[in-house]
Amino acid sequence: MTFQLAKPQEPLRAVFDLETLDIQPTGVVLSFGATIFRITDQDSFEDLVDRGTNIIFDVASQKERGSTVSEATLEWWTQQSQEAQDAVLNGTVDPAQLRHILSQTFGELPLSKTLWYCRGPHFDAAMIDNMCFNFGLPSPWSYKNIRDIRTWFDFHPKFVWGETQKSFVAHNSLHDSAMEAYNMQQCWSLYYD
């Protein structure tokens, strides 16, 4: 009798990105974009956007709890595209709803056991951790499951970022997340398939 072990299914991973009003960890978070993916799949940018979420937060409630706004960051926003600005204006989502929205969007994803990738945990993860603290909430991830996309790409120095998709809007947190996931899949395919 011969036994064959089934190859385990690649786990779901998450990529997230923020848009903010300050570069300090205490800054107001305008938006939280995230998508989920399997590194071994070859999703389109559009599929990753469709699978994700872009949460646009209420600013006033964060400022009431001491979150900060930087004049330099406000000035930086005036230099961004109108599409990017429109994507973060007039947020109405209570930041206390973050975990609930993530659970609704990514139902099959065990938030605390998932590997969460971002471009600089000292910025993105720290900002969300601070926002959650201010609202008396636990972070949506376990501290040990945060990963840095830049470090991931540092280990693959021959990889060249793919062409920017037509529908891509820079500084739209969901689009940035989807583009990161897309390029991680492309890189994986180049090095490991």
Accessible area of region 38-193 with a 1.4 Å probe: how many percent of it is carbon plus sulfur? 51 percent
Diffusion constant of region 93-190 at 25 °C, which comes from Stokes-Einstein with the Kirkwood Cα-pair radius and 0.890 mPa s, µm²/s: 164 µm²/s
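Write down the Å³ per residue value for the convex hull defined by the alpha carbon atoms of region 1-114.
So the per-residue Cα hull volume is 140 Å³.
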Cα atoms only, the chain: Rg and Dmax in Å? 17.4, 71
Going by average Cβ neighbours within 10 Å, how do the peptides 175-183, 152-160, 32-40 rank, with the highest at the top? 175-183, 32-40, 152-160
Solvent-accessible heavy-atom area per residue, rounded to whole Å², over the chain at 1.4 Å: 54 Å²
Rg and Dmax in Å for region 52-150, alpha carbons only: what are they? 14.4, 40
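The values are calculated or read from the model by the stated rules, or taken from the named source; none is laboratory data. These numbers were taken from a predicted model, which means no experiment stands behind them. No Cβ is skipped: glycine too gets one built from the backbone with ideal geometry, and neighbour counts run over all protein chains shown. Areas reflect the complete protein model, heavy atoms only, side chains present, ligands, DNA and RNA absent. Shrake-Rupley method; radii C 1.70, N 1.55, O 1.52, S 1.80 Å.
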